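What follows is a set of notes on a single structure, which appears directly below.
The values are calculated or read from the model by the stated rules, or taken from the named source; none is laboratory data. All values reported here derive from a predicted model rather than from experimental measurement. Quick reminder, even Gly has a Cβ in these numbers, built from the backbone with ideal geometry, and neighbours come from all protein chains shown.
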Amino acid sequence: KYNDEQMKRRKLHNELQETKGNIRVFCRCRPLSKSEVVAGCASVMDFDAAKDGDLGIAASGSNKKSFKFDRVYTPKDDQVDVFADAAPMVGSVLDGYNVCIFAYGQTGTGKTFTMEGTEENRGVNYRTLEELFKTANERTETNTYSISVSVLEVYNEQIRDLLAIETSKKLEIKQASEGSHHIPGIIEAKVENIQQVWNVLQAGSSARAVGSNNVNEHSSRSHCMICIMVRSKNLITGECTKSKLWLVDLAGSERLAKTDVQGDRLKEAQNINRSLSALGDVISALANKSSHIPYRNSKLTHLLQDSLGGDSKTLMFVQISPSDKDLSETLSSLNFATRVRGVELGPARKQVDTSELQKMKTMLEKARLECKSKD
Ligand code: ADP
Ligand code: MG
């Protein structure tokens, strides 16, 4: 399925993964759209060294800016190219690590294109899940897996379950044991193959539009969050793990001019900013190795608490427009992404499910006592 170049990249990527901490940042630039071309917009991008992860931008006049990422995708790179870099995360999830893949950027830069894609040109979500089942099926001699999916939306700091019949019911996050949390009442759809997952995602996707009078507006103002929960048992060692994969299509990162928004729209804008700026604060705290990471300041970061930073693996797509008209938003996204890339984390840690281990210990102890009483 993969060509040599892609295989080589995957291998390299795996090596990087081991040695370089656990946050990867990929930058993807979409093509100029037809209407931008018609309007006379020009591309300010310099992709000469994109293969090495370098991105140049002609800011103004002779003022050039350069950025460095783990990889830069040009408008010529397709969904397969992009997925080749996300694919190694699948193995990590099945191995018991929490993983978060998210797309960040201004509205209209291709976040949904990268994550969801289209039916003919599927994105990271579908490809990741397809790979997840494929790899799980290859491991049936050594492991058993149980996989379930939840689809959520965070809008105005409220969590909606997109798989529920009553999607208007508001959900709350409850804190469980150290670091972990749960959402009482949330639907976790058990899935056994990619077709079932696809049906679940489609259902979530169509529920998203319900109740909003402008679908595009709504989706650019809300975060769409897919959570894949994987329970695994290693049949040889008996080790059980319980890990999560988050696939997140974030709300648009553009700053709304305060002067032309009022009332509900202003509240909306403040809430989006609250979630995205909370994400920025969490990233900064991680970068500074701060003892307190402010995960609880927004629903978005609270939900991602055990899958963002800490013991997990994070992959960010920073999506940008090539157009000179979008330059200031582009620079602000790239600066944010640069901060994210500066975060150095320790090695990721497996999410061992100790409740299974505890059950086994209790059983053993009971058996031991029974043996003893027979003596
Ligand atoms: P966002 O979710 O960030 O608001 P979209 O994913 O909706 O942006 O993309 C905006 C438009 O640009 C869509 O019409 C989409 O098909 C197109 N687009 C985005 N990225 C690409 C790409 N890499 N190649 C071709 N078209 C793209
Ligand atoms: Mg979108």
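Quick notes
- Considering the conditions (1) surrounded by fewer than 22 Cβ atoms within 10 Å (Cβ to Cβ); (2) within 14 Å of SER307 (Cβ to Cβ); (3) in contact with a helix residue (DSSP H, G or I) (Cβ under 9 Å, 6 or more places away or on another chain); (4) among the aliphatic types (A, V, I, L, M), ILE194 is excluded by exactly one of them, (2).
- Restricting attention to region 62-121, the residues that are outside any strand (DSSP E or B), of a type in the set (Gly, Ala, Ser) and either in contact (Cβ under 8 Å) with a residue 12 or more places away in the chain or within 16 Å of ligand 1 (Cβ to nearest atom) (or both) add up to 8.
- Filtered residue count, region 245-273, keeping only those that are away from ligand 1 (no atom under 16 Å from the Cβ), at pLDDT below 95 and either of a type in the set (Lys, Arg) or surrounded by 22 or more Cβ atoms within 10 Å (Cβ to Cβ) (or both): 3
- Scanning region 207-222 finds no residues that are away from ligand 2 (no atom under 16 Å from the Cβ), assigned to a loop (DSSP other than H, G, I, E, B) and touching a helix residue (DSSP H, G or I) at 6+ places or on another chain (Cβ under 8 Å).
- Scope region 49-61; condition surrounded by 11 or more Cβ atoms within 10 Å (Cβ to Cβ) and either basic (Lys, Arg) or part of a loop (DSSP other than H, G, I, E, B) (or both); matching residues: ALA49, GLY53
- So SER146, is it of a type in the set (Ser, Thr, Tyr), within 25 Å of PHE317 (Cβ to Cβ) and either in contact (Cβ under 8 Å) with a residue 24 or more places away in the chain or part of a helix (DSSP H, G or I) (or both): no
- Apart from one condition, ILE165 fits all of (1) hydrophobic (A, V, I, L, M, F, W, C); (2) without any contact (Cβ under 8 Å) to a residue 24 or more places away in the chain; (3) touching a helix residue (DSSP H, G or I) at 6+ places or on another chain (Cβ under 9 Å); the exception is (3).
- Top-ranked residue in region 88-118 [being at positive phi and surrounded by fewer than 21 Cβ atoms within 10 Å (Cβ to Cβ); ranked as nearest to ligand 2 (Cβ to nearest atom)]: GLY108
- Listed here are the helices (runs of 4 or more DSSP H) enclosed by region 277-375 that have at least 1 residues being of a type in the set (Asp, Glu) and crowded, with 17+ Cβ neighbours inside 10 Å: 327-341.
- Region 206-228, residues that are surrounded by 16 or more Cβ atoms within 10 Å (Cβ to Cβ) and of a type outside the set (A, V, I, L, M): ARG208, HIS218, SER219, SER220, ARG221, SER222, HIS223, CYS224, CYS227
- Filter result (closer than 22 Å to VAL248 by Cα and either aromatic (Phe, Trp, Tyr) or touching a His at 6+ places or on another chain (Cβ under 9 Å) (or both)) within region 129-165: PHE133, LEU152, GLU153, VAL154, TYR155
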